[in-house]
Structures are given as C-alpha cells and as structure tokens.
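Please read through the structure below; I'll follow up with questions.
The values are calculated or read from the model by the stated rules, or taken from the named source; none is laboratory data. Just so it is clear, the model here is predicted, and its values are computed rather than measured. For neighbour counting, all protein chains shown are included, and Cβ atoms are generated from backbone atoms with ideal geometry for every residue, glycine included. Accessible surface areas use protein heavy atoms only, side chains included; no ligands, DNA or RNA. Shrake-Rupley method; radii C 1.70, N 1.55, O 1.52, S 1.80 Å.
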Amino acid sequence: MAMEKEKRKYLLCFHDLSIDNTSKVLPILNKLKSIIGKPFPVLVIPSTKNFSKEQVSEFSGILQNLQNDGFELLVHGFNHQADKNLTRNLYGKIALSLTNNEAEFAGLQEKDSALLLQNAFNCWDSFNVKQPIGFVAPTWHGNRFLTKQVLANDLIFEERFFLRKNNCKKIFSPVISFAGMPKFSFPLLFLAGKILNQFSFGIPRLALHPSDFPFLENKIFKFIEEINKDFSFSFYRDLF
C-alpha cells in the first residue's frame, strides 16, 4: 500500500488582536479554528496605555485562555501606531506615509528601537502568560537594529519574506495579506495566493487582519478550506 504523501507546511496567522477588539476578533478565531481543525498563531498588540486595570485583567484572562486552548501567541509591535516624535531615517518616514503611520519600528535609531521593544515586552509580562514565540513588527517594516534586538531575546523574528531564529537557517516565507489594499485588488490577491500555494517553495503564509472581516469573510473561509486540502497548518515553533 502506497504511503500518503506528507503535506507541505503552511502558516496562517491572525494579526492585531488587541485589548479593545476582542469582542470582534474572538468569534473569528473560533470560526477559523473550526475550519482548520486546530488552533493557530495569533499576533497580539500588547499596549495597555489608556486602559483600566479591569480591562487589562480581562485581556490577560483572554490571552491565558487562548494559550490554554493551544493558540500560539506572538508580540506584534507595541502600539501598532508610530510615535511621530521619534527620529527616523528617510526609509522610516516613507514607510509611515505608506502605512497610515502604523509602521512604528520603521527607520528608528538603535536606542529608540530597543526602548520600544522593551516596552512591548514589559506589557507582555503584565499579562501573566507564557513567553511569546516570536515578534512581528507592524506592517513588517523595521530598522537595521531590530533583527538583532529580537533575536537576542531568543524569539523568532518575522520579516515580510523571511523567518529568522538564532543559529538557524532563515526560512523563505512569502505572505499574502489583504490589509491596507484597495478593494479592486482583492480578486488578484486571491489569485496570487492560489498561484503562490501551487508553485512557491518555502513556507507560504496567509496574514489575516480584523479589517478583513466581515467583508472578505466568506471568500477567506473558502480559501482556507482549499488550502487545508493540500497543506498542513503549522506553528512557528515547529518550523525551526
């Protein structure tokens, strides 16, 4: 009897879970889990600024429940909005203009990048959850110091096209994302996703955002069902 061919690995990651959008995001995570058949990675914006102790405590409980349910949690920046008072190089300024000021780590100086990263980790520690498996800068725009700073904390670092971990060979991981894209481009993006899944080497990645729902909900669910036939959804921790 012929052995069944092992499926290729695939990353489905949900971005931008934050303290103020849990009522919208949690039902989406549960629906995605039911389609995939298991939990998956979730990227958490850790900032607790301007929120009460009660709200922070409630969010901590939600994150603990997600981890207990098997979801893999990563740190996703600090505020996901840039501090315009910080000094940035030309690349950083351009990145902000292209991302509606969401690329908060783009083009920062070394000290500012390190401080922003530490602020994110400090908030994470206040949640009383397990250590994150990795870090992803909002919109994937960073600076020339960020990779080293993240890897120094023994975390997986995700870029737009690569995944990195200390003492490991970097992994090519092309991503499909709908966030921030004009509506007319969505059919082309779904087509590009299908082509990518068929012909790309490396670990294909689908990055979903709260803004994708409910507008693209049915198309996304159908797309994931198709992916599930040919791929095995993986966690970041299983790739290295």
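With respect to Lys111, is the statement that it is over 27 Å from Phe233 (Cα atoms) and either touching a Cys at 6+ places or on another chain (Cβ under 6 Å) or modelled with pLDDT under 95 (or both) true?
No.
For every residue, the table says whether it meets (1) closer than 19 Å to Ile133 by Cβ; (2) more than 17 Å from the chain's Cα centre (by Cα).
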{"residue": "Arg8", "(1), (2)": "no, yes"}
{"residue": "Leu12", "(1), (2)": "yes, no"}
{"residue": "Leu32", "(1), (2)": "yes, no"}
{"residue": "Gly37", "(1), (2)": "no, yes"}
{"residue": "Phe40", "(1), (2)": "yes, no"}
{"residue": "Leu43", "(1), (2)": "yes, no"}
{"residue": "Lys49", "(1), (2)": "no, yes"}
{"residue": "Ser57", "(1), (2)": "no, yes"}
{"residue": "Ser60", "(1), (2)": "yes, yes"}
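Right, something else. Which pairs do you get when a residue that is farther than 22 Å from Tyr91 by Cβ and in contact (Cβ under 8 Å) with a residue 60 or more places away in the chain, found in segment 142-155, comes within reach of a residue that is of a type in the set (Gly, Ala, Ser) and buried (at least 22 other Cβ atoms within 10 Å of the Cβ), reach meaning Cβ atoms under 7 angstrom, with the pair 6+ apart or on two chains?
Leu155/Gly134
Residue check, Glu104 against (1) under 13 Å from Arg88 (Cβ atoms); (2) assigned to a helix (DSSP H, G or I), all met but one. Which one?
Of the numbered conditions (1) under 13 Å from Arg88 (Cβ atoms); (2) assigned to a helix (DSSP H, G or I), the odd one out for Glu104 is (2).
Could you tell me whether Ser60 is surrounded by 15 or more Cβ atoms within 10 Å (Cβ to Cβ) and part of a helix (DSSP H, G or I)?
On the way: surrounded by 15 or more Cβ atoms within 10 Å (Cβ to Cβ): yes; part of a helix (DSSP H, G or I): yes.
Criteria met by Ser60.
Could you check Phe199 against (1) aromatic (Phe, Trp, Tyr); (2) surrounded by fewer than 16 Cβ atoms within 10 Å (Cβ to Cβ); (3) touching a strand residue (DSSP E or B) at 6+ places or on another chain (Cβ under 8 Å) and say which number it fails?
(3)
Still on this model: Would you mention how many residues in segment 132-160 are surrounded by fewer than 20 Cβ atoms within 10 Å (Cβ to Cβ) and either under 20 Å from Ser47 (Cβ atoms) or in contact with a strand residue (DSSP E or B) (Cβ under 7 Å, 6 or more places away or on another chain) (or both)? Quick ask: steps written out before the conclusion?
So the first thing to find is which residues in segment 132-160 are surrounded by fewer than 20 Cβ atoms within 10 Å (Cβ to Cβ), and the list is 133, 140, 144-145, 147-148, 151-154, 159-160.
Remaining after also requiring either under 20 Å from Ser47 (Cβ atoms) or in contact with a strand residue (DSSP E or B) (Cβ under 7 Å, 6 or more places away or on another chain) (or both): 133, 140, 147, 151, 153, 160.
Selection size over segment 132-160: 6.
Restricting to segment 166-190, name every residue that is part of a loop (DSSP other than H, G, I, E, B) and in contact with a Gly (Cβ under 8 Å, 6 or more places away or on another chain).
Ser173, Pro174
Just give me the residues in segment 202-212 being open to solvent by 10 Å² or more (accessible area, probe 1.4 Å) and either aromatic (Phe, Trp, Tyr) or within 20 Å of Tyr236 (Cβ to Cβ) (or both), in sequence order.
Correct list: Gly202, Ile203, His209.
Is it the case that some residue within segment 120-131 is crowded, with 16+ Cβ neighbours inside 10 Å and over 24 Å from Arg164 (Cβ atoms)?
yes
I'm trying to understand the selection: among the residues of segment 15-55, which are open to solvent by 30 Å² or more (accessible area, probe 1.4 Å), more than 26 Å from Asn122 (Cβ to Cβ) and touching a strand residue (DSSP E or B) at 6+ places or on another chain (Cβ under 9 Å)?
Result: Gly37, Lys38.
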